[in-house]
Amino acid sequence: MAAVNGNATSSDWDDRYYHIDQILDRPGPRTDPSFQAGDDVKKFLRNKCKILVIGAGGLGCEILANLALSGFKDIHVIDMDTIDISNLNRQFLFRPKDVGKPKAIVAAEFIMNRVPGVKVTPYFGKIQDKDEDYYMQFNIIVCGLDSVEARRWINATLVNMVDDDNPESLKPLIDGGTEGFKGQARVILPQLTSCYECSLDMLNKPTAFPICTIANTPRLPEHCIEWASVLEWPRVYGDKRLDTDDPEHINWLYNIALKRAKEFKIEGVTWSLTQGVVKNIIPAIASTNAIIAASCCNEAFKIATSAAAYLNNYFMLIGTDGVYSYTFEHERRKDCPVCGGESLDITVGKEWTVERLIEMLVEKEDIQIKRPSLSTSKKQIYFQAPPQLEQATRPNLEMKVSELLEDGDEITVTSSTLPFNLSLRIKYT
Amino acid sequence: MIKIWSMKKSEDAAAKKKPKTSAAQIRVQKDLTELELPETMRTHFPDPSDLLNFTLTITPDEGMYKGGSFTFSFAINTNYPHEPPKVKCIPKIYHPNVDLDGNVCLNILREDWKPVLNLNSVMVGLQYLFLEPNADDPLNKEAAEELRRNRDQFVYNVRQAMRGNNVKGIQYDRVVSF
Ligand SMILES: [Zn+2]
């Protein structure tokens, strides 16, 4: 482990933390009862607390700078992207000479040079490359991502990590996101508060145009670009996947879209609009990123120190019509496939068949289940429909549960009578 | 650090460790195993262990497309149900809302998709296209034009195309077995 510096060390100077220490040296009216003013909390923040930042883009640059300047000294950062020239207008840790280099590495170096005593450990790659052991080492995780898919992944991973027998397994997740003048910051305490998946239906979906408009009556440059990507690409290239990170693919789409636009006398098809439409790039405004990143970092600071009450649990900023902000408690969804549903430990005999297990489930009065379908994360056990899958899994009905599952394995149960999914943990007598 | 764990202990024991099955996977299991398809629709899984890629065959028992057998491919990605399934018509058919490459104009497959919709809604929507082809959302403009102008000629063209014949210079795939 790199040497991280706590209070007075060579890299610290008198009164370096004068302002922050005024908050940490004495409790305020809203501090948590567990707040231990003074050296303990400062030591934790500066010597012990390990924080992970996911994303080193528009939000990530701001988050890294804010965390470093508020006293976090052991920061890790993950990002899979390299620096593009178009990032330089707002991602202020990067310079023209950095174009083409990994964001995580350049950002880490910049922060370490600029803020003495702070150790930033970069990882240039995907969050999916890392396993639970990796995420377990952190106290707090802050997300500044623009991808729904990546957020769903980290959210599910952290929710799944919660282990009732290990308090350290519950990692607070602070998630920030922006879209033009709008943004949100939220605190997710996995298994305690609503999770990212719980609020999936609140998301603005990407604008999609009716396919017949694209095909017949284009009016906007976006229609021409979607014509190239949705209709022409698969027509010409068949199953070959469109790689939106490949400049040659974007070039091809741009040229096709431009030709289409000329034909219909539509103006405004540009290379960057083409890239923006196919990658679904949302307009990024530096100042909105700054507001949201700052909110995320204040929450990280409050959670790490207990110096003030933290956000419960969703802060929304709407700057499109004046300035309007709203904070509310987003509620957990009972039927959330990640943190909702019900979980049961069931004990079955080693000789039990799958059929007997299903009968037992149907007879259980407390869960009111009809026609259940069962699977593990790896295979189907028994599906009630469609006919082909029912037939394929029917032989399993006569198999012993113990031939298919080990002690402690989990089964996902769905049924039309359950608005949520049920997970069963199998124990043998 | 805030004492999260003490809060957790005061909650009831509803929270338990969950299986590693992804949210998309659970949702697809729920959608598929609760499908109640009429006789006129049938799914097929080339690889039964892969729930994310399959086909749906629609054999309308009424309307202009009666007697035909129309197969669609479904590809579901890991961002389901945030994103809709990708659906294509496999045979080349004469239909105002399906183009010659198999793209389908159905609002819930694109602009009107919502996570509360499911695979059943998509399948029902596809079947509806064969009962009520819609000249207002054309993907095959010629077919739409014909349907609007001369319904009898349109019905004739549909029958020709379904037998694998040529309609206005375009060779269609045979989708009838008689
Ligand atoms: Zn949830």
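The values are calculated or read from the model by the stated rules, or taken from the named source; none is laboratory data. In this text the structure is predicted, and so the values were computed from the model without any measurement. When we count neighbours, we look across all protein chains shown, and the Cβ atoms used for this are built from the backbone with ideal geometry, even at glycine. All accessible areas refer to the heavy atoms of the entire protein, side chains included, with ligands and DNA or RNA removed. Shrake-Rupley method; radii C 1.70, N 1.55, O 1.52, S 1.80 Å.
Quick look at the numbers
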read-out	value
Cβ-Cβ under 9 Å pairs, at least 6 apart or on other chains, the range A:146-164 side more than 9 Å from chain B (Cβ to nearest Cβ) and closer than 19 Å to A:K279 by Cα, far side charged (D, E, K, R) and surrounded by 22 or more Cβ atoms within 10 Å (Cβ to Cβ)	A:R151/A:D175
Helices (runs of 4 or more DSSP H) wholly inside the range A:223-314 that include at least 1 residues being touching a helix residue (DSSP H, G or I) at 6+ places or on another chain (Cβ under 6 Å) and not hydrophobic (A, V, I, L, M, F, W, C)	A:247-263, A:271-278, A:286-305
Qualifying residue in the range B:57-78 (condition: over 17 Å from B:L126 (Cα atoms), within 12 Å of chain A (Cβ to nearest Cβ), open to solvent by less than 50 Å² (accessible area, probe 1.4 Å) and at pLDDT below 95)	no
Within the range A:315-429, strands (runs of 3 or more DSSP E) holding 2 or more residues that are more than 34 Å from the chain's Cα centre (by Cα)	A:342-348
Residue check for A:L405: away from the ligand (no atom under 16 Å from the Cβ) and either open to solvent by 90 Å² or more (accessible area, probe 1.4 Å) or within 14 Å of chain B (Cβ to nearest Cβ) (or both)	yes
A:E355 being in contact (Cβ under 8 Å) with a residue 12 or more places away in the chain, open to solvent by 70 Å² or more (accessible area, probe 1.4 Å), within 16 Å of the ligand (Cβ to nearest atom) and more than 10 Å from chain B (Cβ to nearest Cβ)	no
Members of the range B:105-146 found to be among the aliphatic types (A, V, I, L, M), away from chain A (no Cβ under 13 Å) and open to solvent by less than 20 Å² (accessible area, probe 1.4 Å), listed by number	B:V122, B:L126
Every pair of residues 6+ apart whose Cβ atoms lie under 6 Å, when the first sits in the range A:82-105 and is at pLDDT 95 or above while the second is acidic (D, E) and crowded, with 19+ Cβ neighbours inside 10 Å	A:I83/A:D98; A:K103/A:D79; A:A104/A:D79
Residues of the range B:147-178 that turn out to be open to solvent by less than 20 Å² (accessible area, probe 1.4 Å), among the hydrophobic types (A, V, I, L, M, F, W, C) and in a loop (DSSP other than H, G, I, E, B), as a count	2
Hey, A:V41 out of contact with any Asp or Glu (no Cβ under 7 Å at 6 or more places or on another chain), farther than 30 Å from A:G276 by Cβ and surrounded by 16 or more Cβ atoms within 10 Å (Cβ to Cβ) or not	yes
Evaluation of A:Y123 against (1) in a helix (DSSP H, G or I); (2) open to solvent by 30 Å² or more (accessible area, probe 1.4 Å) (one fails), failing number	(1)
Boolean, A:T244 is away from the ligand (no atom under 16 Å from the Cβ), more than 10 Å from every other protein chain (Cβ to nearest Cβ) and open to solvent by 10 Å² or more (accessible area, probe 1.4 Å)	yes
